[in-house]
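Chemist: Before we start, here is the structure in question, set down as structure tokens.
Just so it is clear, none of the values below were taken in a lab; they were calculated from the coordinates. Nothing here was measured: the structure is a model prediction, and the numbers come from that model. As a convention, Cβ positions derive from the backbone with ideal geometry for all residues, glycine included, and neighbour counts pool all protein chains shown.
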Amino acid sequence: MRPSTVVFALLGPLAAATVMVLALSGPSTAAHQPRLDANRALVARLGLTDLALFTEARYTRHPSQADLHSALQDHPGAFDHFPSGSLLPPPALVRRHASLDRKAASPD
Amino acid sequence: MHPWIEKQRHLIDFTLAALARRKTRNAGLLVAYTLIVFVLASLMLFANALRTEAAYVLAASPEVILQRMVAGRHDLIPPGYIERIGRLRGVQKIEGRLWGYYYDPVVNANYTFMARPADEVADGRIMVGATLARERGLAPGNTISFRSYSGRLFTFDVAAVLSPDSELLSADLVLLSERDFRAFFEYPAGHWTDVALAVVNPLEVRNVAAKLAAALPDSRPILREEVLRTYESVFDWREGIVLTVLAGAILAFTILAWEKASGLSADERREIGILKAIGWETGDVIRMKLWEGLLVSLTAFLLGFVAAWVHVFHFGAAVFAPVLKGWAILYPRFTLVPAVDGLQVATLFFFTVVPYTAAVLVPIWRAATTDPDAVMRA
Amino acid sequence: MIELSAVRKAFNQGQGNEYWALHGIDLAIEAGKVTAFRGPSGSGKTTLLTVVGCLARPTSGRVRFKGEDISALPERFLTEIRRQSFGFVFQQFNLIKGLSALENVILPAFPTGRPRRELVAAAEALFDRLKLGHRAGARVEWLSGGEQQRVAIARALINDPEVIIADEPTANLDTALSMEFMGILEGFTAAGKTVLLTSHDPLVVESAAVHRVVGMRDGRLTDH
């Protein structure tokens with residue numbers, strides 16, 4: 001068989017699969033909607049603030065609630081503490097102190 | 001068949017026959033290239049799916065969580081604190097929350113204990129997350145004991161296991177009654193862990209937080225928008241391992257491209273001369289090489305992408321599991337939302353196909369445009 | 001059929017190692033005949049062939065093919081004329097290694113976009129005529145010298161050109177194979193094709209199959 005035929009026979013289905021996968025991402029996402037809604041309801045009911053992805057330590061378990069000061073000492077961003085630190089950067093609010101943190105009138 | 005199509009097929013036949021002369025090397029090249037695309041695409045798909053899910057479900061998180069800080073550390077909310085908040089305009093509900101961590105030496109895992117109202121869970125009973133249940137072999141009706149930090153053993157009946165669909169959120173949760181919680185942790189009466197506030201109007205949230213910070217100087221309000229922003233940057237390409245993988249991939253691409261572009265061997269040059277001498281135009285030679293670059297990079301992209309898709313959405317990104325899991329014992333089993341960021345896919349496609357094809361074309365440009373009479377002279 | 005007027009060819013022009021291979025060639029080549037060019041190496045025979053066969057352009061002077069001036073044509077048209085009207089058999093054969101004899105033979109026809117089936121049929125017909133049928137699928141580097149030459153000839157014929165150009169065709173062949181080649185030459189003449197070749201070999205030059213011998217020396221014609 002001609003090499004070009006073989007190649008088209010292989011690439012054709014692959015390309016079709018890719019296009020299909022991309023085109024169906026919308027509808028397939030919709031299929032997850034019930035589960036997502038249920039999870040959202042759970043978050044609302046329990047008042048959750050974080051994904052339970054990194055259960056190694058308290059500051060990896062609740063990164064959004066991390067201590068203002070422990071961030072730079074113990075934060076997962078320290079490589080030698082936890083591998084998960086390399087996947088989740090310190091929350092923005094501790095990298096740049098949120099403008100709310102000392103909204104009290106300045107002494108001067 | 002249209003002569004143009006037939007001609008392209010001829011060119012493809014030739015370029016494939018030429019590649020087949022060094023089967024092992026070219027197969028190895030394709031495999032390496034596909035692997036690079038696979039890893040990058042997997043990361044991309046996984047990160048996007050996780051971010052999409054986090055953004056959606058955490059949108060129902062409390063608008064403001066108020067923490068209290070003592071000497072830079074997170075401290076308990078004392079009695080009367082909540083009353084000092086008083087009535088703030090726009091705040092619909094103020095609720096003290098009770099939650100904490102428990103280290104289970106039986107499986108070396110951390111759990112998150114949360115107190116829930118009596119109508120959800122009765123005294124002496126608990127609801128557990130599905131991952132935890134799996135790890136400890138629990139089902140509704142089972143009994144489990146925890147040794148508190150004071151040394152006392154507490155026994156609970158498992159009333160229910162939370163839905164496996166929610167493992168990403170509830171993997172390590174233990175929900176128990178307020179009374180049990182306080183007894184177990186010997187929590188000082190009247191104290192809370194933090195305060196959750198519900199604010200109706202999203203535009204009012206910052207104002208409310210500012211007022212809180214003013215009214216309670218030792219407090220630290222955490223807004224929902226900050227929670228969401230934390231998860232927007234998970235797996236960000238600018239961070240940690242992802243950056244390392246990306247840098248590695250770019251380096252690999254560069255080496256690949258450099259190897260291709262570092263000039264032709266005398267044999268290759270001669271062959272192009274022969275092709276031109278037997279009647280191929282410069283354009284034909286270039287088109288043939290273009291097909292070579294396109295076919296290799298396109299195959300790598302398609303194979304890598306489809307494999308990544310299957311890997312992430314059918315196998316839950318199993319390759320990344322060790323990294324994600326880290327030292328944790330509890331790792332949630334989750335199905336990911338197959339949300340795809342079209343722009344990212346297009347970018348990956350562009351950077352997979354274009355540089356490699358260019359690298360294949362550049363060195364032959366010179367040879368393809370020279371007169372073929374050099375061949376006669378060889 | 002082919003006319004050369006004051007054709008001169010230089011290499012590395014303007015550089016230190018500038019070299020003039022042809023110093024003004026005036027020549028008319030008859031159609032349907034075998035013309036042999038004889039002369040020592042360095043006489044410019046090969047260069048002359050490349051200029052005649054549209055492989056290179058003359059530095060100055062004109063080349064006319066069937067009345068049309070081809071020396072100043074753009075590359076695309078030149079290539080098309082070369083592909084349609086000229087078939088080359090190189091001294092070193094210049095077959096593409098790693099490909100089969102069949103693939104080598106149909107290569108020159110690829111840019112034409114003719115269906116593969118047609119090309120394979122034409123190639124197989126040529127193989128039959130040249131007694132190569134059994135070796136069509138073999139890789140060219142496994143073929144003997146004589147077989148390789150016949151593959152090179154078949155390749156030159158795939159587009160059914162009017163002119164065959166062969167550079168030192170018998171240089172790598174023994175007497176028996178050389179005689180075979182001369183037989184093939186006679187077949188070309190019978191088919192009405194024009195042949196140009198260069199040779200040192202007296203067997204070729206003095207053969208009855210060759211109609212005209214042109215001498216060359218130092219880039220000039222000596223006797224014609």
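Chemist: I need the calculated FRET efficiency for the pair B:R366 and C:E206, taking r as the beta carbon distance and R₀ as 60 Å, to the nearest 0.05. Please report the intermediate quantities before stating the final value.
Modeler: Working: r = 44 Å, r/R0 = 0.73.
According to the calculation, E is roughly 0.85.
Chemist: Further question on the same structure: For the protein assembly as shown, what does the helix formula give at 222 nm: sum of -39500 (n - 2.57) over DSSP H segments with n ≥ 4, over the residue count, nearest 500 deg cm²/dmol? Write down the numbers at each step before the final one.
Modeler: Numbers: 26 runs with 331 residues, N = 710.
Calculated from helices alone, the mean residue ellipticity at 222 nm is -14500 deg cm²/dmol.
Chemist: Here's something else I'd like to know. Cross-link candidates for B:K260: which aspartates and glutamates have Cα within less than 16 Å, leaving aside residues fewer than 8 places away along the same chain?
Modeler: B:E268, B:E292
Chemist: Also, I was wondering about something else. Counting only pairs 8 or more residues apart or on different chains, how many lysine pairs in the stretch C:2-223 have their Cα atoms under 29 Å apart?
Modeler: Lysine pairs meeting both conditions in the stretch C:2-223 amount to 15.
Chemist: Right, another one. Hey, got a sec? Which GluC sites (Glu not before Pro) in the stretch C:1-57 land in a DSSP loop and have at most 10 other Cβ atoms within 10 Å? Before the final figure, lay out each step's value.
Modeler: Working: sites: C:E3, C:E18, C:E30; in loops: C:E18, C:E30.
Taking the stretch C:1-57 and a limit of 10 other Cβ atoms within 10 Å, the loop GluC sites (Glu not before Pro) found are C:E18.
Chemist: Find, among the chymotrypsin sites (Phe, Trp or Tyr not before Pro) in the stretch B:112-167, those assigned to loop by DSSP (not H, G, I, E, B) with at most 13 other beta-carbon atoms within 10 angstrom. Each step should come with its number before you reach the end.
Modeler: Numbers: sites: B:F113, B:F146, B:Y149, B:F154, B:F156; in loops: B:Y149.
Listed in order of number, the matching sites are B:Y149.
Chemist: Run the simple label-point estimate for B:D218 and B:L251 please: 7 Å along Cα→C-beta, distance reported in nm.
Modeler: 5.0 nm
Chemist: Further, regarding this structure: By how many degrees, 0 to 90 and rounded to 10, does the Cα axis of helix B:23-57 deviate from the longest principal axis of chain B?
Modeler: It works out to around 30 degrees.
Chemist: With everything on Cα atoms, drop me the angle between helix B:3-20 and the longest principal axis of chain B, reported from 0 to 90° to the nearest 10.
Modeler: Orientation of helix B:3-20: about 80 degrees from the principal axis.
Chemist: A follow-up question, please. Have a look at B:V128, B:V354, B:V312 and tell me which one the Gaussian network model of chain B (Cα, springs below 10 Å) gives the largest fluctuation.
Modeler: Top of the fluctuation ranking is B:V354.
Chemist: Ok, one more. Quick one: compute the contact order of chain C, relative version, from alpha carbon pairs under 8 angstrom and 6+ residues apart, as a percent. Working shown, then result.
Modeler: Values: 427 pairs, mean separation 68.4, N = 224.
Answer for chain C is 31 percent.
Chemist: For B:K7, go through the lysines and keep the ones whose alpha-carbon is under 20 Å away, minus same-chain ones fewer than eight residues off.
Modeler: Excluding near neighbours in sequence, the set is B:K276, B:K289.
Chemist: Within straight cross-link reach of B:K211, meaning Cα distance under 29 Å, which lysines are found once same-chain residues fewer than 8 apart are removed?
Modeler: Hits, sequence-local ones excluded: A:K103, B:K93.
Chemist: Let me check I've understood the local charge: for C:D201, count other residues with C-beta under 10 angstrom from its C-beta, Lys and Arg +1, Asp and Glu -1. What total comes out? Don't jump to the answer; show the numbers that get you there.
Modeler: On the way: positive: C:R38; negative: C:E168, C:E206.
Its environment carries a net charge of -1.
Chemist: Right, something else. Neighbouring Cβ atoms within 10 Å as the yardstick, rank C:I165, C:I81 fewest first. Don't jump to the answer; show the numbers that get you there.
Modeler: Details: C:I165 24, C:I81 19.
So the residues, fewest neighbours to most, are C:I81, C:I165.
Chemist: Relative to the longest principal axis of chain C, what angle (0 to 90°, nearest 10) does the C-alpha long axis of helix C:116-129 take?
Modeler: Between helix and principal axis, roughly 90 degrees.
Chemist: Moving on. In the neighborhood of B:R125, defined by Cβ-to-Cβ distances under 15 Å, what is the net charge if each Lys or Arg adds +1 and each Asp or Glu adds -1?
Modeler: Values: positive: B:R116, B:R179; negative: B:D119, B:E120, B:D123, B:D157, B:E178, B:D180.
Net of charged neighbours comes to -4.
Chemist: When Cβ neighbours within 10 Å are restricted to other protein chains, what is their mean count per residue of peptide A:16-25?
Modeler: That works out to 5 on average.
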